[in-house]
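None of the figures in this text is laboratory data; all of them are computed from the coordinates on show. Quick caveat, the model's predicted, so the values are computed rather than measured. We place every Cβ from the backbone using ideal geometry, glycine too, and count neighbours over all the protein chains shown.
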Amino acid sequence: MEKNSLADLYQIKERLLSFDKNDVRKGLKLAKSIKGLGIAGASGLLTLMYPEYFGTVDEFLILALANVNGLFEQPQLKELAKRINESKKPHGKSFSISPPNGIMLINIMRRKSTENNEWFRTSFWTPRKIDKVLWAYGHL
């Protein structure tokens with residue numbers, strides 16, 4: 001497996017510390033430039049660094065969101081959930097989250113955290129807290 005050099009990792013770190021946190025695409029691209037990280041791992045790193053901007057995207061999040069009524073992304077989420085379930089079958093095609101789907105999922109968590117904060121008149125909710133709730137929901 002190819003690895004990043006220490007110099008590469010230093011440059012990636014510097015970019016991760018200075019990019020516009022509102023630019024989900026840029027954040028995922030930077031984090032994913034660490035060899036071995038896919039979208040789930042990249043979003044996890046960004047979540048650790050910036051929980052007020054990012055949540056971790058993984059199969060559990062997709063499966064939980066596919067059951068949330070009223071999301072305009074629900075058809076896409078249902079299709080992703082179907083692909084995840086198919087991948088679990090013997091001889092199923094492997095599943096990985098594409099960058100556009102990762103962006104969509106993070107944007108859903110951002111939107112829901114904003115909606116919850118407006119609804120409850122608080123600043124408690126972050127994308128990270130949304131992802132934690134949905135992860136727990138997916139494990140019930």
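Filter the range 105-140 down to the residues that are among the β-branched types (Val, Ile, Thr), touching a residue at least 24 places away in the same chain (Cβ under 8 Å) and in a helix (DSSP H, G or I) and list them by number. The answer is 106, 108, 130. Selection of first residues in the range 84-98 that are farther than 18 Å from residue 38 by Cβ and of second residues that are among the aliphatic types (A, V, I, L, M), restricted to Cβ pairs under 9 Å at least 6 apart or on distinct chains, gives the following pairs, ordered by first then second residue: 85/63.
Determine, yes or no, whether residue 57 is aliphatic (A, V, I, L, M), out of contact with any Pro (no Cβ under 7 Å at 6 or more places or on another chain) and surrounded by fewer than 18 Cβ atoms within 10 Å (Cβ to Cβ). For residue 57, the condition - aliphatic (A, V, I, L, M), out of contact with any Pro (no Cβ under 7 Å at 6 or more places or on another chain) and surrounded by fewer than 18 Cβ atoms within 10 Å (Cβ to Cβ) - is not met. Note on the range 31-57: residues that are part of a loop (DSSP other than H, G, I, E, B), within 19 Å of residue 126 (Cα to Cα) and free of Cβ contacts under 8 Å to residues at least 12 places away in the same chain total 0. Scanning the range 60-82 for residues that are surrounded by fewer than 15 Cβ atoms within 10 Å (Cβ to Cβ), farther than 14 Å from residue 104 by Cα and hydrophobic (A, V, I, L, M, F, W, C) yields one hit, 68. Within the range 84-96, the presence of at least one residue that is assigned to a loop (DSSP other than H, G, I, E, B), touching a helix residue (DSSP H, G or I) at 6+ places or on another chain (Cβ under 8 Å) and aromatic (Phe, Trp, Tyr) is confirmed.
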